[in-house]
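Q: First the structure, then my questions, so here it is.
Every read-out reported here was derived from the displayed coordinates using simple, explicitly stated rules and does not represent laboratory data. In this text, all values refer to a predicted model and were calculated from it rather than measured experimentally. Note that we place each Cβ from the backbone using ideal geometry, even for glycine, and neighbour counts take in every protein chain shown.
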Amino acid sequence: MVRIIAGGPAIDELPPLSYTDHYIKIIFGDVTRTYTIRWLDHEAREMALDFVIHGDEGLAGPWARDAKAGAEISFKGPGGAWAPRGDAQVHLLVGDDSALPAIAAALEALPSHARAEVFLEVPDAASRQELPVTDNTIVHWVERDAHGLGYGEALTYAVQTADFPDGDLEAFVHGNADMIKPLRHYLFNERGVPREHVSISGYWRTGMNEDGWQSSKGEFVAAMEAEQDS
Ligand SMILES: Cc1cc2nc3c(=O)[nH]c(=O)nc-3n(C[C@H](O)[C@H](O)[C@H](O)COP(=O)(O)OP(=O)(O)OC[C@H]3O[C@@H](n4cnc5c(N)ncnc54)[C@H](O)[C@@H]3O)c2cc1C
């Protein structure tokens, strides 16, 4: 991943962050790409954005890989919808590298007594990151390349086979769309986690750019709900 620190007077126009999954839409010509605000510092007039570098395809990934100090971005936002409930018994935070910034921000917001089970998929051991953890945080790193599996497959398996308690659980599950279907089924249909305690969605989809994914997401979700909720 590459961290870009964006600064300047535009930061003054951002409200204080009330969610941990706050994101902006970076404008590239006539399309946008969505990135989580990892942190925002109004005093320093800076915000941090962490970009997954995923090869030569796309706009945002290659831009971040090649960006030099002084490069300019335009953006819209912020949006956002989720922050951890301080009183949940267990916080289950699951994501691939694209959701790592949101999960790290959620960990920072948790009270120190909160129990968190964190499952993070990254390509390899070198891609692990220091996280803001306490003695009550258990982090399970899943290394995709070591298993030779597709995006999200090893992560799905790790969550499905993990031993975390039932009870008052809340879950934040984001990343590659292909893992969303089995994990949604697992949480709702097998574990019986109440829907209002779960934030789950695909941040991106293999083989689709963001425009393709966002325009087909409604259909994907409708088909998944029809299959799992009937
Ligand atoms: C609310 C929200 C928050 C997000 N926050 C972040 C964030 O903080 N950091 C972050 O890196 N991403 C984040 N994402 C995901 C990011 O928006 C997408 O990965 C986006 O498609 C990247 O744009 P791009 O121009 O690099 O690639 P695109 O032009 O969209 O896609 C080009 C190709 O690259 C593939 N691709 C896209 N993303 C990935 C990836 N992560 N790994 C491997 N292949 C990929 C696509 O499938 C496609 O084949 C977030 C998404 C959402 C909805």
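Q: Grab the Cα-Cα distance for residue 126 and residue 109, subtract it from 0.36 nm times how many residues apart they are, and report the gain in nm with one decimal. All intermediate terms of the calculation are to be shown ahead of the outcome.
A: Working: separation 17, 0.36 × 17 = 6.12 nm, distance 2.56 nm.
That works out to 3.6 nm of additional length.
Q: If we count other beta carbons within 10 Å of each Cβ, what is the order of 76, 181, fewest first?
A: The order, fewest Cβ neighbours first, is 76, 181.
Q: Extending each Cα 7 Å along its Cβ direction at residue 39 and residue 217, get the distance between those two points in nm, one decimal.
A: It works out to 2.7 nm between the two label points.
Q: I've got another one for you. Report D for the range 101-230 in µm² per second (integer): Stokes-Einstein, Kirkwood Rh on Cα pairs, 10 °C, 1.306 mPa s.
A: Stokes-Einstein gives a translational diffusion coefficient of 100 µm²/s.
Q: Right, another one. Set the Förster distance to 25 Å, then compute FRET efficiency between residue 10 and residue 68 from the Cβ-Cβ distance, nearest 0.05. It would help to have the intermediate numbers written out before the result.
A: Working: r = 19 Å, r/R0 = 0.76.
Once rounded, the FRET efficiency stands at 0.85.
Q: Another question, if that's okay. Working out 0.36 nm times the residue gap between residue 191 and residue 31, then minus their Cα-Cα distance, what length gain in nm do you get to one decimal? Provide the component values of the computation, followed by the final result.
A: Details: separation 160, 0.36 × 160 = 57.60 nm, distance 3.88 nm.
Between residue 191 and residue 31, full extension yields 53.7 nm more.
Q: Would you mind ranking 59, 107 so that the residue whose beta carbon has the fewest other beta carbons within 10 Å leads the list?
A: Fewest-to-most Cβ neighbours within 10 Å comes out as 59, 107.
Q: Need one number: nm distance between label points at residue 76 and residue 163, each 7 Å from Cα along Cα→Cβ, rounded to one decimal.
A: Computed distance between label sites residue 76 and residue 163 equals 4.9 nm.
Q: Length gain on complete extension for the stretch residue 228 to residue 138, per 0.36 nm per residue less the alpha carbon to alpha carbon distance?
A: 29.4 nm
Q: Evaluate the charge dipole of the chain about its Cα centre and quote only its size in Debye, nearest 20, assuming +1 on the Cβ of each Lys and Arg and -1 on the Cβ of each Asp and Glu.
A: In total the dipole reaches around 240 debye.
Q: Let me ask you something else. Please rank 170, 13, fewest neighbouring Cβ atoms within 10 Å first, as an exposure proxy.
A: Numbers: 170 20, 13 6.
The most exposed by this proxy come first: 13, 170.
Q: Another question, if that's okay. Enter the Cα centre distance for the pair the range 113-168 and the range 198-230, rounded to the nearest angstrom.
A: Between the Cα centre of the range 113-168 and that of the range 198-230, the gap is 22 Å.
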